[in-house]
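Visitor: The structure follows.
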Amino acid sequence: MTEQKNKPKLKMAVYWGAACGGCCVSVLDVHEKLFDVVANADLVFWPIALDIKYADVEAMEDKFIDITLFNGAVRNSENEHMAKVLRQKSKLLVAYGSCAHMGGIPGLANFSTKEEILKQVYLKNITTENEDATLPNVSYEVEEGTLTLPKFYNDVRTLDQTVVVDYYMPGCPPQTERLLEVFMAIVSGNELPPKGSVIGAYDKGQCDECTRKKTDNKHIKEFKRPFEIEDDGETCFLEQGVICLGPATRGGCGHRCIEGNAPCRGCYGPPPDVSDPGAKMMSAVATMIDANEPEEIERITNQIVDPAGTFYRFSLPGSILRRKVKESLQ
Amino acid sequence: MKRITIDPITRLEGHGKIEIFLNDEGDVDNVYFQVPELRGFEKFCEGRPVEELPQIVTKICGVCPGCHHMASGKAVDAVYGVEPPPTAKKLRELFYMAHFVHSHIAHFYALAAPDFVVGPTAAKAERNILGVINKVGVNIGTEVIKQRRIAQEIQALIGGHQTHVVMNIPGGVRKGLTEEQRADIEKKAKGFIDFAKFSLNLFGDVVLENKEYVDLILNGPYSLKLHSMGLVDENNKVNFYDGKVRVVDTEGEEHCKYSPNDYQDFVAERVEPWSYLKFPYLKKIGWKGFVEGQDSGVYQATPLSRLNAADGMATPFAQSEYEKMFGILGGKPVHATLAMHWARLIELLYSAERSLELATDPDIIGKDLRSPLPNIPNEGIGIVEAQRGTLTHHYITDDKGLVLKANLIVGTTNNNAAICMSLKKAAQGLIKKGVEVTDGILNMIEMAFRAYDPCFSCATHSLPGEMPMIVNIREMDGTLIRTVKRK
Amino acid sequence: MDFEPTIVSFLCNWCSYTGADLAGTSRMKYAHNIRIIRVMCSGRIDPIFVLESFKDGADGVLICGCHPGDCHYHEGNYKCLRRYHLLKKYIAQMGIDPGRLHLEWISASEGKQFAELADSFTETVRGLGPCHVKEIIENFA
């Protein structure tokens, strides 16, 4: 990739909400192609790597940044504020990675309420000694002044539940080769797909590129947890009775988990036109169950021990129901 | 009262802000280091099948996911009451050594090196790997990227997913190595050793030969006299994957040495209303506040702490560097915060040597990858050393292996109180009445934080890409006509 | 004020919708709370339909199809049954009382059975009270 000589460099920002840093690592994993990237782009905001502070970003003109890769979910008021600021300062805002796209692993917190989480972490936790029942406070007076912390919201949100998103790049993290393809397309001035599209991922499901042997007939009489089988390393996981989210997940990651002999857990999100990946997977799984009698169906489905946490591992906030409600209970 | 806010802290993994309060004279009254993020892993792991946890907890951190995967894998084995077979253990440790190599290389070159090679108060725009390369040449930059890439490739080969590794399963690992793969890793491990030695030489040339830097390390406002924690093997040598947790006091005497199952007797955590991150402390001493000294419950768990807490390194070249470092710095234990960078390079060398040991161990291509699981799942604790501190995972499950409770004490969390104190000390030492608070001063305060190896490193700012080069133009018979130089 | 549940009901064209139609043409009275959506086969019912119903404010969802062995498309009703079992487990985990989702087989001639089912399920859901999913989503904090 050569430098576009007369074209000004792309101004790029990478920012994280409730994130783990893996998406930033995926940007760095361009390895030697780093030279090509920096020949065509200037990074103007990236807390993990540059000393640009929030005040510097707030001072930028609107639409100063050409493209922002926002990774991480929106979990607290700081994440929400920065999402809005970056929306304002960016021409293109990309929901980068599973957390920004669908909620990701932090989205699993939507099985609990804020109160339950704070209680477990700060009060009931095994090694925590906290007789005064101290909890972190949004505003706290110390001798010297007032200290503030962001507000921890009850509900985890995706980026597009917070601001308008131009594109989605799925994956936990997105596979670096896909990022480079997208980057090249932008730098070359290629026409981008319509706003709101998923980019950097294939339209077909994982099964299309998966190298495991599969047949058209999947008749499952028993569901097994991954350690309950002697995986032969070759046969489709579903055909061995192990839940694999491949059928309901886009390709593009290089089936890296399958390469490690682990079943897919859906981080690349649903195929086109599917509004709820978990529901589609449930549908697919139900089709595979080889039973027609209610008692037998019940027996087999009981072997799926954590349906919500398995089918919605990365997508709970982005799913139709978005969070667990508190109905009949505690 | 004047107030200086650094928000967010940068060139590290994670969110954080620093509030510095000055009194009317212009001296520092107090410094608060606040962590504004919480995600709630300890809660949302509840209800998940325990065998999924090793893949869920990698998402705590995308830079050290392997650490969580290992601690979690060990905890899950303990939940099922089994030990993996030798091949599985060694594969895990080999993966883990590559993980340490990638992380320590990246941290030193992009985080530590700028502050030492370029200078701690140099202009902001130069304080990154670009500035380092200007001084030492772009070849090194390329080599750093290459070695990191190779380490990542080994991780992907053994662990599946190159970042969020998937190799662990209750009782062992999912995939083995072929002889061809093993031979390739052996070759690469030798490359790591060479590069680690080179890095230590570089540190010697650039830092130890420079009196100002040595003075900064030994006498700058960066020392904290605290207890040191690290994992040790049965010979009390540093081990990242397995062993017992040993804590030595400020004089270097053993305070305690515990097995993972007993961790609750030795470590407790407290909560402050101004930070979402908890503050672990040594239980037997108790919490005495943000104070230093023999009687303080605050401890450190860093590369330097590991070297303090152990009696030596288990591999020969690393051992010799260990002895050299403590020789130069005046004996054990060393409390100079910036020496963490040196300790990190010694660990890099150890990881490289250990990867070669494991890659040449005949067990590494064994076929027995998993132990059977005859027991009802129950409770288990797994401890490893993460690059930035001792990492504990503790799970309690029901009899079907669904998680009821999870407790995690994460690497950097161990150091929360110490980091607060390091920042305060640095600020008090650097900001005084009459001193103009420049960006350089603020960076030197942040250096107190960076030494602890916040998860991340690796700059991405633009690299000029121009090699220092000399071209000699000669006649056909070899006579030199002209020399062209590019600096 | 008494709570009037909103119940969305998916009925398959060949059996259960015809059965409901029979109830209607026979002038049988049954609870007005049932809002019927006709699909060609109960096997057409995507779990997404059920979840969207709750999200849009349904207090209960009723699925009806052909009796086992009678499906116009042979296997559609079995697929529906299996999805139903999975869905029940899922919504229970999501805090929605699984009693709010119900499946029953209704044939083309079972108009009376449909009317009775409509009444009894409405009472069941009335007893469970309003389903708060829509409200909760609208008031994310």
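The values are calculated or read from the model by the stated rules, or taken from the named source; none is laboratory data. Note that the structure is predicted; figures quoted are calculated from it, not measured. Neighbour counts run over all protein chains shown; Cβ positions are idealised from the backbone, glycine included.
Visitor: Does B:I364 qualify as being closer than 21 Å to B:H102 by Cα and over 21 Å from the mean Cα position of the chain (by Cα)?
Guide: Numbers: closer than 21 Å to B:H102 by Cα: yes; over 21 Å from the mean Cα position of the chain (by Cα): yes.
It is true that B:I364 is closer than 21 Å to B:H102 by Cα and over 21 Å from the mean Cα position of the chain (by Cα).
Visitor: Can I ask one more? When you check A:V138 against the structure, is it over 25 Å from B:T413 (Cβ atoms), surrounded by fewer than 21 Cβ atoms within 10 Å (Cβ to Cβ), hydrophobic (A, V, I, L, M, F, W, C) and more than 24 Å from the chain's Cα centre (by Cα), yes or no?
Guide: Working: over 25 Å from B:T413 (Cβ atoms): no; surrounded by fewer than 21 Cβ atoms within 10 Å (Cβ to Cβ): yes; hydrophobic (A, V, I, L, M, F, W, C): yes; more than 24 Å from the chain's Cα centre (by Cα): yes.
So A:V138 fails the test.
Rundown of residues vs (1) of a type in the set (S, T, N, Q); (2) within 12 Å of chain B (Cβ to nearest Cβ); (3) within 24 Å of B:L277 (Cα to Cα); (4) surrounded by fewer than 20 Cβ atoms within 10 Å (Cβ to Cβ), yes/no style:
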{"site": "A:A39", "(1), (2), (3), (4)": "no, yes, no, yes"}
{"site": "A:L50", "(1), (2), (3), (4)": "no, yes, yes, no"}
{"site": "A:M60", "(1), (2), (3), (4)": "no, no, no, yes"}
{"site": "A:F70", "(1), (2), (3), (4)": "no, no, yes, no"}
{"site": "A:A109", "(1), (2), (3), (4)": "no, yes, yes, no"}
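Visitor: Going by the conditions given, is B:K257 of a type in the set (K, R) and closer than 23 Å to B:A71 by Cβ?
Guide: On the way: of a type in the set (K, R): yes; closer than 23 Å to B:A71 by Cβ: yes.
It is true that B:K257 is of a type in the set (K, R) and closer than 23 Å to B:A71 by Cβ.
Visitor: Examine segment C:30-37 for a residue that is closer than 29 Å to A:A248 by Cα and surrounded by fewer than 16 Cβ atoms within 10 Å (Cβ to Cβ), and state whether such a residue exists.
Guide: Yes, segment C:30-37 contains a residue that is closer than 29 Å to A:A248 by Cα and surrounded by fewer than 16 Cβ atoms within 10 Å (Cβ to Cβ).
Visitor: Could you please find all residues in segment C:92-115 being without any contact (Cβ under 8 Å) to a residue 24 or more places away in the chain and of a type outside the set (S, T, N, Q)? Working first, answer last.
Guide: Quick first cut of segment C:92-115, residues without any contact (Cβ under 8 Å) to a residue 24 or more places away in the chain only: C:92-95, C:98.
Hits for segment C:92-115 are C:A92, C:M94, C:G95, C:P98.
Visitor: Looking at (1) more than 21 Å from the chain's Cα centre (by Cα); (2) closer than 16 Å to B:T302 by Cβ, find the lone condition where B:K225 falls short.
Guide: So the condition that B:K225 fails would be (1).
Visitor: Now for a different question. Just wondering, is there one or more residues in segment A:297-306 that are in contact with a Pro (Cβ under 6 Å, 6 or more places away or on another chain), modelled with pLDDT under 95, under 18 Å from C:N77 (Cα atoms) and of a type outside the set (S, T, N, Q)?
Guide: no
Visitor: Would you point out which residue out of B:K190, B:K225, B:K197 is in contact with a Phe, Trp or Tyr (Cβ under 8 Å, 6 or more places away or on another chain) and either over 14 Å from B:I158 (Cα atoms) or modelled with pLDDT under 95 (or both)? Steps first, please.
Guide: On the way: B:K190 fails: in contact with a Phe, Trp or Tyr (Cβ under 8 Å, 6 or more places away or on another chain); B:K225 fails: in contact with a Phe, Trp or Tyr (Cβ under 8 Å, 6 or more places away or on another chain).
Of the residues listed, the single one that is in contact with a Phe, Trp or Tyr (Cβ under 8 Å, 6 or more places away or on another chain) and either over 14 Å from B:I158 (Cα atoms) or modelled with pLDDT under 95 (or both) is B:K197.
Visitor: Test each condition in (1) among the β-branched types (V, I, T); (2) at the interface with another protein chain (Cβ under 8 Å from one of its Cβ atoms); (3) surrounded by fewer than 24 Cβ atoms within 10 Å (Cβ to Cβ) for A:I300 and report the one that comes out false.
Guide: Every condition holds for A:I300 apart from (2).
Visitor: If you don't mind, another one. If you take the residues of segment A:218-262 that are among the aliphatic types (A, V, I, L, M) and within 27 Å of the chain's Cα centre (by Cα), which of them is surrounded by the most Cβ atoms within 10 Å (Cβ to Cβ)? Outline the logic, then answer.
Guide: Taking segment A:218-262 first, the residues among the aliphatic types (A, V, I, L, M) are A:220, A:229, A:238, A:242-243, A:245, A:248, A:258, A:262.
From what is left, the residues that are within 27 Å of the chain's Cα centre (by Cα) are A:238, A:242-243, A:245, A:248, A:258, A:262.
Details: A:L238: 22, A:V242: 20, A:I243: 25, A:L245: 30, A:A248: 28, A:I258: 24, A:A262: 26.
Among those residues, the one meeting the criterion is A:L245.
Visitor: Let me ask something else. I need the helices (runs of 4 or more DSSP H) fully contained in segment A:55-138, keeping only those with at least 3 residues that are not assigned by TED's automatic domain parsing to the domain that holds A:P173.
Guide: Numbers: elements: A:77-89, A:98-102, A:114-118.
The qualifying helices (runs of 4 or more DSSP H) are A:114-118.
Visitor: Within segment B:206-229, can one find any residue that is assigned to a strand (DSSP E or B) and surrounded by fewer than 20 Cβ atoms within 10 Å (Cβ to Cβ)? Give the derivation first.
Guide: Going residue by residue through segment B:206-229, those that are assigned to a strand (DSSP E or B) are B:223, B:227-229.
So of that shortlist, the ones also surrounded by fewer than 20 Cβ atoms within 10 Å (Cβ to Cβ) come out as B:223.
Yes, there is a match, as at least one residue in segment B:206-229 is assigned to a strand (DSSP E or B) and surrounded by fewer than 20 Cβ atoms within 10 Å (Cβ to Cβ).
Visitor: Would segment C:92-113 turn up any residue that is within 14 Å of another protein chain (Cβ to nearest Cβ) and touching a Pro at 6+ places or on another chain (Cβ under 6 Å)? Break it down into steps so the answer makes sense when it comes.
Guide: Keep residues of segment C:92-113 that are within 14 Å of another protein chain (Cβ to nearest Cβ), which gives C:92-105.
Okay, now just the ones that are also touching a Pro at 6+ places or on another chain (Cβ under 6 Å), so C:92.
The answer is yes, given that some residue of segment C:92-113 is within 14 Å of another protein chain (Cβ to nearest Cβ) and touching a Pro at 6+ places or on another chain (Cβ under 6 Å).
Visitor: Looking at this structure, is A:V165 of a type outside the set (F, W, Y), without any contact (Cβ under 8 Å) to a residue 40 or more places away in the chain and not assigned by TED's automatic domain parsing to the domain that holds A:L245?
Guide: Details: of a type outside the set (F, W, Y): yes; without any contact (Cβ under 8 Å) to a residue 40 or more places away in the chain: no; not assigned by TED's automatic domain parsing to the domain that holds A:L245: yes.
Against the criterion (of a type outside the set (F, W, Y), without any contact (Cβ under 8 Å) to a residue 40 or more places away in the chain and not assigned by TED's automatic domain parsing to the domain that holds A:L245), A:V165 does not qualify.
Visitor: When the residues of segment B:82-97 are narrowed to those that are more than 20 Å from B:L348 (Cα to Cα) and away from chain A (no Cβ under 14 Å), which ends up surrounded by the most Cβ atoms within 10 Å (Cβ to Cβ)?
Guide: Pass one, segment B:82-97, residues more than 20 Å from B:L348 (Cα to Cα): B:82-89.
With away from chain A (no Cβ under 14 Å) added as a condition, the list becomes B:83, B:85-87, B:89.
Numbers: B:E83: 13, B:P85: 19, B:P86: 13, B:T87: 22, B:K89: 19.
Only one residue tops the list, namely B:T87.
Results for (1) within 14 Å of chain A (Cβ to nearest Cβ); (2) touching a helix residue (DSSP H, G or I) at 6+ places or on another chain (Cβ under 8 Å); (3) assigned to a helix (DSSP H, G or I), shown as yes or no for each residue.
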residue	(1), (2), (3)
B:V132	yes, yes, yes
B:A151	yes, yes, yes
B:Q155	yes, yes, yes
B:Q162	yes, yes, no
B:R182	no, yes, yes
B:E186	no, yes, yes
B:K197	no, yes, yes
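Visitor: Any residue that is charged (D, E, K, R), in contact (Cβ under 8 Å) with a residue 12 or more places away in the chain and part of a helix (DSSP H, G or I) - is there at least one of those in segment A:182-200? Quick ask: steps written out before the conclusion?
Guide: Let us first name the residues in segment A:182-200 that are charged (D, E, K, R), namely A:191, A:195.
Pick out the ones that are also in contact (Cβ under 8 Å) with a residue 12 or more places away in the chain and you get A:195.
Still in the running and part of a helix (DSSP H, G or I): none.
No, there is no match, as no residue in segment A:182-200 is charged (D, E, K, R), in contact (Cβ under 8 Å) with a residue 12 or more places away in the chain and part of a helix (DSSP H, G or I).
Visitor: What single numbered condition from (1) without any contact (Cβ under 8 Å) to a residue 12 or more places away in the chain; (2) more than 9 Å from chain A (Cβ to nearest Cβ) fails to hold for C:K89?
Guide: (2)
Visitor: Here's a check for you: in segment C:83-141, which residue that is part of a helix (DSSP H, G or I) and hydroxyl-bearing (S, T, Y) is surrounded by the most Cβ atoms within 10 Å (Cβ to Cβ)?
Guide: Just the residues of segment C:83-141 that are part of a helix (DSSP H, G or I), to begin with: C:83-93, C:98-100, C:111-128, C:133-138.
With the extra rule that they be hydroxyl-bearing (S, T, Y), the set shrinks to C:84, C:90, C:120, C:122, C:124.
Numbers: C:Y84: 23, C:Y90: 26, C:S120: 14, C:T122: 22, C:T124: 17.
Going through the qualifying residues, I end up with C:Y90.
Visitor: Sticking with this structure for a sec: Say whether the condition of being at pLDDT 95 or above and more than 14 Å from chain A (Cβ to nearest Cβ) is met by at least one residue in segment B:268-288.
Guide: no
Visitor: Quick one: is C:G76 among the small types (G, A, S) and either under 21 Å from A:Y312 (Cα atoms) or within 11 Å of chain A (Cβ to nearest Cβ) (or both)? First the steps, then the outcome.
Guide: Values: among the small types (G, A, S): yes; either under 21 Å from A:Y312 (Cα atoms) or within 11 Å of chain A (Cβ to nearest Cβ) (or both): yes.
Criteria met by C:G76.
Visitor: Any residue at all in segment B:281-298 that is at negative phi, within 18 Å of the chain's Cα centre (by Cα) and buried (at least 20 other Cβ atoms within 10 Å of the Cβ)?
Guide: Within segment B:281-298, the subset at negative phi is B:281-285, B:287-288, B:290-292, B:294-298.
Going one step further and asking which of them are within 18 Å of the chain's Cα centre (by Cα), we end up with none.
Scanning segment B:281-298, I find no residue that is at negative phi, within 18 Å of the chain's Cα centre (by Cα) and buried (at least 20 other Cβ atoms within 10 Å of the Cβ), so the answer is no.
Visitor: Could you tell me whether segment B:336-343 includes any residue that is modelled with pLDDT of 95 or more and not hydroxyl-bearing (S, T, Y)? Spell out how you get there, then give the answer.
Guide: Residues of segment B:336-343 modelled with pLDDT of 95 or more: B:343.
So of that shortlist, the ones also not hydroxyl-bearing (S, T, Y) come out as B:343.
Looking for residues that are modelled with pLDDT of 95 or more and not hydroxyl-bearing (S, T, Y), one finds at least one in segment B:336-343, hence yes.
Visitor: When you scan segment B:1-18, do you find a residue that is more than 23 Å from the chain's Cα centre (by Cα), more than 9 Å from every other protein chain (Cβ to nearest Cβ), of a type in the set (D, E, K, R) and within 26 Å of A:V138 (Cβ to Cβ), even just one?
Guide: yes
Visitor: Something else about it: Checking the conditions here, which among A:G318, A:G309 is buried (at least 18 other Cβ atoms within 10 Å of the Cβ), in a loop (DSSP other than H, G, I, E, B) and either at pLDDT 95 or above or not assigned by TED's automatic domain parsing to the domain that holds A:G246 (or both)?
Guide: A:G318
Visitor: As an exercise: evaluate A:C23 against (1) part of a helix (DSSP H, G or I); (2) more than 8 Å from every other protein chain (Cβ to nearest Cβ); (3) in contact with a strand residue (DSSP E or B) (Cβ under 7 Å, 6 or more places away or on another chain) and give the number of the one condition it does not meet.
Guide: (2)
Conditions tested, residue by residue: (1) more than 14 Å from chain A (Cβ to nearest Cβ); (2) out of contact with any Gly (no Cβ under 9 Å at 6 or more places or on another chain).
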{"site": "B:L338", "(1), (2)": "yes, no"}
{"site": "B:Y350", "(1), (2)": "yes, yes"}
{"site": "B:E353", "(1), (2)": "yes, yes"}
{"site": "B:P362", "(1), (2)": "yes, yes"}
{"site": "B:I365", "(1), (2)": "yes, no"}
{"site": "B:R370", "(1), (2)": "no, no"}
